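Below is one structure, written out as structure tokens; comments come after it.
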Amino acid sequence: MSSLKEVCGGLPLNPLPPNQGRSNRVPHAPVRVPNLTPQEEKLALRNALRYFPPAVHEVLAAEFAEELRLYGHIYMYRFCPGIPMRAYPINSYPCKTKQAAAVMLMIMNNLDPCVAQFPQELVTYGGNGQVFSNWAQFWLVMQFLCEMTEEQTLVMYSGHPVGLFPSHRDAPRVVITNGMVIPNYSSRDEYEKMFALGITMYGQMTAGSYCYIGPQGIVHGTVLTVLNAGRRYLGSSDLGGKVFVTAGLGGMSGAQAKAAVIAGCIGVIAEVDQAPLKKRHEQGWLMEITSDLDRCIQRIRDARMKKTPLSLGYHGNVVDLWERLVREYDTTGELLVDLGSDQTSCHNPFSGGYCPVGLTEQEAGQLMHSEPARFRSLVQESLRRHIAAINKLADKGLFFWDYGNAFLLEAKRAGADVEKSGAGKTEFKYPSYVQHIMGDIFSLGFGPFRWVCTSGDPEDLATTDVIASTVLEDIGKGVSDLVRQQYDDNIRWIREAGKHNMVVGSQARILYSDQKGRVSIALAINTAIADGRIKAPVVISRDHHDVSGTDSPFRETSNIYDGSAFCADMAVQNFVGDAFRGATWVALHNGGGVGWGEVTNGGFGLVLDGSGDAARRVTMMLNWDVSNGVARRCWSGNDKAYETICQTMREHSDLRVTLPHSVADEGLLDRALRH
């Protein structure tokens with residue numbers, strides 16, 4: 001077993017650690033099919049060996065070549081650290097700065113087997129959301145962070161640590177870019193090759209930025225989505241007896257079971273892989289599991305009648321579940337589902353993210369590797385059946401939305417009936433959850449704000465919970481009803497979070513807050529660190545899926561209708577602006593949620609240490625981090641964003657934003673264009 005001191009000592013070379021291969025105690029990523037030419041295989045091997053001195057090339061070359069043949073990528077399993085991977089208390093890390101120690105804590109949390117989806121492949125969530133591309137990068141990064149001073153910045157290129165460069169105290173300690181591929185070459189097929197070559201990687205959102213906090217983050221977002229879906233579609237916040245059907249219990253999607261129960265409804269979640277079903281059941285997030293569709297339907301009926309919250313995992317394909325619900329309606333006239341969505345990793349449908357109906361998970365994995373063209377065909381056939389069943393139930397009263405995983409986009413590409421007559425490129429027969437449910441919340445400046453207590457002490461987390469709920473109560477007076485409703489939802493969430501066992505991995509919390517709330521909560525936590533109520537620094541962050549952090553035409557910016565939904569200025573400006581306004585680290589990614597080449601997103605981490613300097617950074621950076629996105633949404637024509645940014649300008653005299661003028665007479669456009 002390694003120690004943290006050994007982990008910070010650089011690559012273990014003398015002697016080499018024993019090659020123990022892949023562990024059978026953890027799940028593993030699907031085999032990749034990069035279709036490399038013989039010359040590209042040589043290049044992949046050469047690229048991997050450059051991390052090591054020539055004296056060990058003879059030993060490593062053969063096993064790296066075998067990994068490439070067997071798994072489609074060189075992960076360097078020999079170098080998996082022996083130390084249990086988890087977020088150790090910040091004072092455990094042998095660093096020169098607390099900022100560097102905080103980054104190390106967050107990296108190790110992302111790779112914790114309790115948190116990470118495929119820990120030995122360095123995948124945190126989403127099927128392919130990498131922290132690093134290989135284990136050599138992990139060792140080198142930890143060494144650099146251990147040696148770092150407050151006058152240096154670590155530069156990261158797609159998992160690869162370029163090095164420590166001289167900077168200054170106000171600069172970020174780490175600057176991360178993931179997947180920054182020239183646009184014309186940012187295709188899915190090119191990605192598979194480039195990842196196999198070890199030259200780029202898909203960091204998802206918070207995997208490659210070291211800011212994932214386990215499925216708690218998406219639990220909260222899903223709770224808010226389901227509650228607001230009930231208000232919009234069903235006309236009620238009371239979801240007792242209402243049935244929500246979806247798919248996926250892996251990294252992010254594992255949150256759906258817990259979210260359904262917190263929201264008070266009946267959640268039925270299909271999953272083909274037994275490992276995540278077992279994991280969520282053992283966590284207490286999934287109440288029951290069945291592989292029997294008859295049993296599944298009976299439990300739905302029982303829970304509907306009693307109006308009791310239930311999270312039921314169906315071990316099987318979601319297409320079978322949807323088609324069975326259609327048959328139940330056809331034979332009994334009873335619609336057994338009210339709300340529906342999907343959280344399979346459909347952004348990655350041909351590399352393990354979506355299992356075709358009729359195949360087991362194991363059969364799908366084998367076919368994906370042996371006959372990729374046939375596998376692709378079966379995925380698309382399955383997507384067409386999937387949509388056909390949903391369409392039939394939607395005609396009878398089901399309300400379905402896309403959860404931003406590219407489900408409807410891939411269904412359209414498969415030829416499924418999802419077209420919306422007269423719609424733009426970002427619209428389908430069913431809305432994205434941003435378009436109909438969460439978009440107005442973003443326009444008000446609300447988004448997923450989060451923090452991690454680096455002491456690892458649950459008492460510190462409980463203290464921050466009290467601070468956050470108190471702040472939201474105080475600032476929630478005199479606001480609009482819509483804003484107050486969001487504050488109330490989040491006060492309820494944070495007061496109940498402890499009893500729902502939300503913590504997986506680091507002592508972390510998330511809530512949705514607007515600009516005023518984020519700044520006020522962060523400053524109050526910083527004060528509590530200064531006066532000793534909190535025992536160690538706190539890292540504040542957010543999901544990239546936020547007001548300003550992501551340009552994603554099929555998700556975060558799907559309700560931008562001025563033609564700019566496919567433009568990425570907002571996310572890039574956010575990354576740059578956070579960097580020079582005080583972030584401890586910043587990240588900019590290609591891909592995330594919806595898939596490679598479909599989105600640009602960025603995020604940050606900021607260490608609160610109780611100092612006046614931390615308070616200055618909070619005030620400067622968090623105000624920008626929200627206002628940037630609200631201003632963009634305002635300019636696109638969103639009325640709620642217009643009201644929000646105008647109110648923010650009244651509260652901040654040094655903020656001046658260009659406001660749009662609307663065209664009062666639409667007929668003017670037609671008349672002008674006729675000439």
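Numbers below:
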| read-out | value |
| --- | --- |
| Whole-Hz couplings from phi, Karplus 6.51/-1.76/1.60, listed for segment 79-94; x for Gly and Pro | 9, 4, x, x, 5, x, 7, 6, 7, 6, x, 4, 6, 7, 8, x |
| Per residue, in Å², the accessible surface of segment 360-429 once ligands and nucleic acids are set aside, probe 1.4 Å | 48 Å² |
| Inter-site label distance for residue 484 and residue 569 at 7 Å from Cα along Cβ, in nm | 3.7 nm |
| Cα gyration tensor shape of segment 534-675, rounded if a/c is under 1.5, else prolate or oblate by comparing a/b with b/c | oblate |
| For the chain: relative contact order, % (alpha-carbon pairs under 8 angstrom, 6 or more apart) | 13 percent |
| Lysines with Cα under 17 Å of residue 278, excluding same-chain neighbours fewer than 8 positions away | 258 |
| Order by protection proxy (mean Cβ within 10 Å, highest first), peptides 238-248, 564-574 | 238-248, 564-574 |
| Gain upon complete extension [residue 59, residue 168; 0.36 nm per residue less C-alpha separation] | 35.1 nm |
| Theoretical FRET efficiency, 1/(1+(r/R0)^6), r = Cβ-Cβ of residue 33 and residue 650, R0 51 Å, to 0.05 | 0.35 |
| FRET efficiency estimate (nearest 0.05) - Cβ-Cβ, residue 616 to residue 366, R0 35 angstrom | 0.05 |
| Phi-based couplings in Hz for segment 464-480 (Karplus 6.51, -1.76, 1.60; Gly and Pro marked x) | 5, 4, 5, 4, 5, 5, 5, 4, 5, 5, 5, 7, x, 7, x, 9, 5 |
| FRET efficiency estimate (nearest 0.05) - Cβ-Cβ, residue 396 to residue 423, R0 25 angstrom | 0.65 |
| Local net charge near residue 399, Cβ-Cβ under 13 Å (Lys/Arg +1, Asp/Glu -1) | +2 |
| For residue 270, distant residues with modelled amide H under 5 Å away | 246, 247, 248, 314 |
| Qualifying trypsin sites (Lys or Arg not before Pro) for segment 177-231 [loop in DSSP, other Cβ within 10 Å: at most 10] | none |
| Formal net charge of residues neighbouring residue 650 (Cβ-Cβ distance under 13 Å; K, R +1; D, E -1) | -1 |
| Whole-angstrom Cα spans of segment 1-54 along principal axes, big to small | 40, 32, 17 |
| Shape call, segment 133-181: gyration tensor on alpha carbons, a/c limit 1.5 | oblate |
| Across the chain: Cys residues that no other cysteine approaches within a C-beta distance under 4.7 Å | 80, 95, 114, 211, 265, 296, 346, 355, 453, 567, 634, 646 |
| Helical mean residue ellipticity (222 nm; -39500 (n - 2.57) per DSSP H run of 4+; nearest 500) of the chain | -13000 deg cm²/dmol |
| Among 604, 549, 525 the positive-end extreme of the charge dipole of segment 522-652 (Cβ point charges) | 525 |
| Only Lys, Arg (+1) and Asp, Glu (-1) charged, at Cβ; segment 271-338 dipole about Cα centre in debye | 320 debye |
| Residue 289 long-range amide H proximity, modeled H, under 5 Å | 313 |
| Among 270, 257, 622 - extreme Cα towards positive end, dipole of the chain, charges at beta-carbon | 257 |
| Listed residues 501, 197, 311: farthest to the positive end of the dipole of the chain (Cβ charges) | 501 |
| The chain: antiparallel DSSP beta bridges as a percent of all, rounded to 5 | 55 percent |
| Extension gain from residue 533 to residue 157, taking 0.36 nm per residue of separation minus the Cα-Cα distance | 131.5 nm |
| Integer Hz, Karplus 6.51/-1.76/1.60 couplings in order for segment 96-112, x for Gly and Pro | 8, 9, 5, 5, 5, 4, 5, 5, 4, 4, 5, 4, 5, 5, 4, 9, 4 |
| Apportionment of accessible area to carbon and sulfur, the chain, percent (1.4 Å) | 51 percent |
| Alpha-carbon Rg/Rh ratio, for segment 33-170, with Rh computed the Kirkwood way | 1.00 |
| DSSP-assigned coil residues among trypsin sites (Lys or Arg not before Pro) in segment 573-675, each with at most 13 further Cβ atoms within 10 Å | 656 |
| Distance between modelled label sites at residue 236 and residue 83, nm, 7 Å Cα→Cβ extension | 5.3 nm |
| Quarter of Cα convex hull surface for segment 106-233, i.e. mean projection, nm² | 10.5 nm² |
| Lys, Arg +1 and Asp, Glu -1 on Cβ, resulting dipole of segment 1-113 about Cα centre, debye, nearest 20 | 320 debye |
| Residue 432 long-range amide H proximity, modeled H, under 5 Å | 402 |
| For peptides 507-520, 347-360, sequence by mean Cβ density within 10 Å, most packed first | 507-520, 347-360 |
| Packing-based order for 423-432, 591-600, using average beta carbon neighbours within 10 Å, highest first | 591-600, 423-432 |
| Segment 209-282: C-alpha gyration tensor shape, a/c 1.5 cut-off, then a/b vs b/c | oblate |
| Total charge dipole magnitude, the chain, about the Cα centre, Cβ charges on Lys, Arg, Asp, Glu only, Debye to nearest 20 | 380 debye |
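The values are calculated or read from the model by the stated rules, or taken from the named source; none is laboratory data. Given the structure is predicted, the values throughout are model-derived calculations rather than measurements. All Cβ positions, even for glycine, are placed from backbone atoms using ideal geometry, and neighbour counts span all protein chains on display. With ligands, DNA and RNA removed, areas are computed over all heavy atoms of the protein, side chains included. Shrake-Rupley method; radii C 1.70, N 1.55, O 1.52, S 1.80 Å.
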